[in-house]
Ligand code: ARG
């Protein structure tokens, strides 16, 4: 490989430019791509059937060597592509030397990355659905539990706990749809683009696409070798998913605190303190919240790598890998551990109910009560505002107020004001998407269908 040069490469320069420490992870994709390429070359009469067979057999045994930990990766061979090719030539000589006909490492690495990304996307979707199922299970198991719904982290209106869980189901459903979109644009075969301009051999790209499971072939060779949009898209979708998981993590941290006491995490998903024996810490949730930072960082890093690259391939693009692998690993492990954590958490229904009953959480419902008696909503809002102020000043809840105290604020209050309760509040929100039990039951059924289909 040093044919053109008068000197050996500087050792630091070699280590600096080598990608083998991290791109060896692409060995499976690289071998699959090379086997398909060899088959295609033989089919087109560019190499012989015998040569293709030798190549295929040798590549298969190289895969076994790698998986058996017997393969000696060499930094002087730069990357996974040259490591495998060199070993192939060692094994089968001239047949191996023909494999790189009608191919460049530029379309080769683009192919490997797309194959890797396609698999990562499928695994991501599968794990997203797994977490959705866990959310549905815990929602169904606690479908009668009520809790305060919050805005500004202030108790706002009572909701069903299941309704709250279904909100996360929806977020994850959008994530699934984003990864599916991303899959559609990843599912394009770049092989056959050569270094950048195409190749001067009668190759069959549609055959390659079929062999390797791609739905389409790329339309422009220069774009094909220089496009990493699919990696960026994965990372963007992953960032949004991590943002969702981080929000859920934050709620689990809050809810498992003594201040809220809404849930108890299973011991298997909590950790202790090295000094305070009473502590049961939500470290998994905290770390998911923390790891969101590196996933955002990986996205920004690659966007920055790509931002001013002239067409077509540039070595800068080798920097697409570590961040991408890290994001895939982080996202998959976060989804997996969350699935177990959600599946095992206990809802403390008595606590959530008490929190929903405390305070003035039914104020909106009292305003709606007056609206039912003909008061314009804005005026009803003012009246109940005065009522809340009075109750706060006198250290009373709505339940403690006498009817005559109510009547000081509006003569329209009657005995039935006492039938405004958490249950009536929740039951009244009987609109599609609302928190009334019948609506939530429908949402649960709809969600269950989605994850079964
Ligand atoms: N290791 C390289 C990468 O990941 C492979 C492509 C190298 N191409 C080249 N022209 N040097 O981008």
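Worth pointing out:
- Some residue of segment 165-172 being closer than 30 Å to residue 424 by Cβ, free of Cβ contacts under 8 Å to residues at least 40 places away in the same chain and crowded, with 19+ Cβ neighbours inside 10 Å: yes
- Any helices (runs of 4 or more DSSP H) falling wholly within segment 384-453 and containing at least 2 residues that are in contact with a strand residue (DSSP E or B) (Cβ under 6 Å, 6 or more places away or on another chain) and in contact (Cβ under 8 Å) with a residue 12 or more places away in the chain: 422-428
- Filtered by the rule that a residue be within 18 Å of residue 114 (Cα to Cα), more than 16 Å from the ligand (Cβ to nearest atom) and either out of contact with any helix residue (DSSP H, G or I) (no Cβ under 7 Å at 6 or more places or on another chain) or outside any helix (DSSP H, G or I) (or both), segment 284-336 gives a lone residue, 329.
- In segment 51-70, the residues that are in contact (Cβ under 8 Å) with a residue 40 or more places away in the chain and either over 24 Å from residue 194 (Cα atoms) or in contact with a strand residue (DSSP E or B) (Cβ under 7 Å, 6 or more places away or on another chain) (or both): 66
- Among the residues listed as 339, 435, 352, 344, the single one being surrounded by fewer than 19 Cβ atoms within 10 Å (Cβ to Cβ) and on the phi < 0 side of the Ramachandran plot: 344
- Among the residues of segment 180-191, those that are touching a residue at least 60 places away in the same chain (Cβ under 8 Å) and more than 16 Å from the ligand (Cβ to nearest atom) comprise 182, 183, 186, 187, 188, 189.
- Some residue of segment 250-258 being closer than 29 Å to residue 320 by Cα, buried (at least 21 other Cβ atoms within 10 Å of the Cβ) and in contact (Cβ under 8 Å) with a residue 12 or more places away in the chain: no
- Pair list, Cβ under 9 Å, 6 or more apart: segment 20-44 residue without any contact (Cβ under 8 Å) to a residue 24 or more places away in the chain, other residue crowded, with 22+ Cβ neighbours inside 10 Å and assigned to a helix (DSSP H, G or I): 42/52; 42/55
- The set of residues in segment 252-266 that are under 17 Å from residue 337 (Cβ atoms) and in contact with a helix residue (DSSP H, G or I) (Cβ under 6 Å, 6 or more places away or on another chain) comprises 252, 253, 263, 266.
- Given (1) assigned to a helix (DSSP H, G or I); (2) buried (at least 22 other Cβ atoms within 10 Å of the Cβ), index of the condition residue 223 fails: (2)
Rundown of residues vs (1) in contact with a strand residue (DSSP E or B) (Cβ under 8 Å, 6 or more places away or on another chain); (2) in contact (Cβ under 8 Å) with a residue 60 or more places away in the chain, yes/no style:
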site: 312; (1), (2): no, yes
site: 316; (1), (2): no, no
site: 324; (1), (2): no, yes
site: 338; (1), (2): no, yes
site: 345; (1), (2): yes, yes
site: 353; (1), (2): yes, yes
site: 358; (1), (2): yes, yes
site: 363; (1), (2): no, no
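- Reported count of residues in segment 55-75, each being part of a loop (DSSP other than H, G, I, E, B) and within 16 Å of the ligand (Cβ to nearest atom), is 2.
- Under the condition of being away from the ligand (no atom under 16 Å from the Cβ) and either touching a strand residue (DSSP E or B) at 6+ places or on another chain (Cβ under 7 Å) or outside any loop (DSSP other than H, G, I, E, B) (or both), the residues counted in segment 76-128 number 22.
Just so you know, all these numbers are worked out from the coordinates, no wet-lab data involved. A quick note: this is a predicted structure, and the numbers were derived from the prediction, not measured. All Cβ positions, even for glycine, are placed from backbone atoms using ideal geometry, and neighbour counts span all protein chains on display.
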